[in-house]
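Student: The structure follows.
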Amino acid sequence: MSRVAIAGLTTESTTTTGRLARLASPTTALVVGLVEGALLVAFAPILVVAHQFTLSNFGTPFLIETPYVAVGFLLARRQPQTPIGWLLLVVGGATALSGDSGYYASAVYGLHRALPLGPLALLLGNSMAQFALLALPLVILVFPDGRLPSRLWRWVVAVYLVLGAVGVAGQVAFAASALIGHHVNAHTVSPGGGSILVNQPSGTRWLSHLDAPALGACLLLILASVVVQVRNYRLSAGVRRQQMKSLMGGATVCVLALLAFGSGTANGNSSSLVEEIWSQIPWIAFSALPISISVAVLRYRLYEVDRLVSRTLSYAVLTALLGGTFIGLIALSTDTLALSGRVGVAASTLIAAALFNPLRLRIQRVVDRRFNRAHYDAEATVAAFTARLRDAVEIDAIRSDLLDAVNRAVQPTHASIWIKP
């Protein structure tokens, strides 16, 4: 009789304490993800109501925001104690809320639509984009473990956040002063959404410029974060080096986009189709950051989300196959075999149910080979050990082989075998 004691795999992660630790949970990530998904879906009808629905107005923001929301939700759901996922959700959600609110306010005040919450939409549309800009450099700075490079950076980030808070307060005060002074109408609300107040009195215009220090600090922090990550890349090796290389690609694209805006070559004043397309490319380039992080997560197994991705992909493929099979069988039974509708539906349901488990096992095996190598390799290791165990007779050889199989399959911090005399 033998007993096997295996210590579980332990990982280091950044944890928070108190209330923040309780708020940063998978449930919170699910709620935030659903809210931001609703904001993405609501963007199209809001553009229609505001009479601003065009391919560039809808497509460009959607292509930017969707990767941030999707990758942020995946990381926050899987690793809620790591701030990177939450920062990505802030970027995507704040950008989506700013666009929705800006065009909504344009419909209320510019087109005189009888819609509720117009003042709230004006306040949000004029300030939420600041949150997205504040979070963007922090994503680069704390990658991949969610920690700042040193204690000195805490003071740098604190000053940066103070400047950002001043900028956000200035934008809110600017919009509030326009509402209080009744300076919000079709002539003072831009139809383009976002920072939508124009032609305001000179006495309050200075409030809109309080975000200038925060914008300058954002650019400097992005450049500093890239320099820090270049240093980390040079000191890293192996898989960690590949993860850093993936991030550096996305961060470099973001810096190039900022330079394009700073040089004025993508100012949006397009007179031809080529110029219009070029004016949208720097905006879309900002989606390179979450895409590069997703490559580091999926391709180089950062945060160990292989199992989550493989299960999601497997059931998506399975649902598509069973749905297509079900619809095809109904069409075959009712049109070709001339069976009644109820009989065809019942027969198709039974066949689809019978195919569920065999298809699930086969699809899962194929997907695991690509997206969940750890699970696939562990199963192969256990199967190989079982085959060798059939011919083994030496207890020492069995013990050594078992420990080797356990170490390669689950990679515990410690593994030992106690054999009862």
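Student: Would you check which residues across the range 54-103 are closer than 30 Å to His183 by Cα and not in a helix (DSSP H, G or I) and list them?
Tutor: Within the range 54-103, just Thr54 meets the criteria.
Student: So the check is Cβ under 7 Å with 6+ separation or different chains; which pairs have a first residue in the range 222-245 that's surrounded by fewer than 17 Cβ atoms within 10 Å (Cβ to Cβ) and a second one that's assigned to a helix (DSSP H, G or I) and aromatic (Phe, Trp, Tyr)?
Tutor: Arg241/Tyr233; Lys245/Tyr233
Student: State yes or no: is Leu39 among the hydrophobic types (A, V, I, L, M, F, W, C) and in contact (Cβ under 8 Å) with a residue 60 or more places away in the chain?
Tutor: Here the answer is yes, as Leu39 does meet what is asked.
For (1) modelled with pLDDT of 75 or more; (2) exposed (fewer than 13 other Cβ atoms within 10 Å of the Cβ); (3) within 38 Å of the chain's Cα centre (by Cα), each residue gets a yes or a no:
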position	(1), (2), (3)
Ala316	no, yes, yes
Thr325	yes, no, yes
Thr336	no, yes, no
Ser340	no, yes, no
Thr349	yes, no, yes
Leu355	yes, no, yes
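Student: Touching a strand residue (DSSP E or B) at 6+ places or on another chain (Cβ under 8 Å), in contact (Cβ under 8 Å) with a residue 24 or more places away in the chain, in the same structural domain as Arg240 (by TED's automatic domain parsing) and in a helix (DSSP H, G or I): which single residue out of Ser106, Ser177 fits that description?
Tutor: Answer to the selection: Ser106.
Student: Is it the case that some residue within the range 370-380 is at pLDDT 70 or above, in a helix (DSSP H, G or I) and either under 37 Å from the mean Cα position of the chain (by Cα) or not assigned by TED's automatic domain parsing to the domain that holds Val297 (or both)?
Tutor: No - not one qualifying residue is present in the range 370-380.
Student: I'd like the residue in the range 26-48 that is closer than 20 Å to Leu122 by Cβ and surrounded by fewer than 17 Cβ atoms within 10 Å (Cβ to Cβ) and, out of all such residues, is modelled with the lowest pLDDT.
Tutor: Val48
Student: I've got another one for you. Among the candidates Gln200, Gln171, which residue alone is at pLDDT 85 or above, of a type in the set (S, T, N, Q) and buried (at least 17 other Cβ atoms within 10 Å of the Cβ)?
Tutor: Gln171
Student: Okay, next question. Given Leu117, Leu75, which one is of a type outside the set (Phe, Trp, Tyr) and buried (at least 21 other Cβ atoms within 10 Å of the Cβ)?
Tutor: Within the list Leu117, Leu75, the selection yields Leu75.
Student: Is it the case that Phe131 is within 30 Å of Val226 (Cβ to Cβ), aromatic (Phe, Trp, Tyr) and in a helix (DSSP H, G or I)?
Tutor: When the stated conditions are applied, Phe131 passes them.
Student: Looking only at the range 189-204, decide whether some residue is within 27 Å of Gln52 (Cβ to Cβ) and in a helix (DSSP H, G or I).
Tutor: For the range 189-204, residues within 27 Å of Gln52 (Cβ to Cβ) and in a helix (DSSP H, G or I): present.
The values are calculated or read from the model by the stated rules, or taken from the named source; none is laboratory data. Keep in mind that this is a model prediction, so the values were computed, not measured. Neighbour counts run over all protein chains shown; Cβ positions are idealised from the backbone, glycine included.
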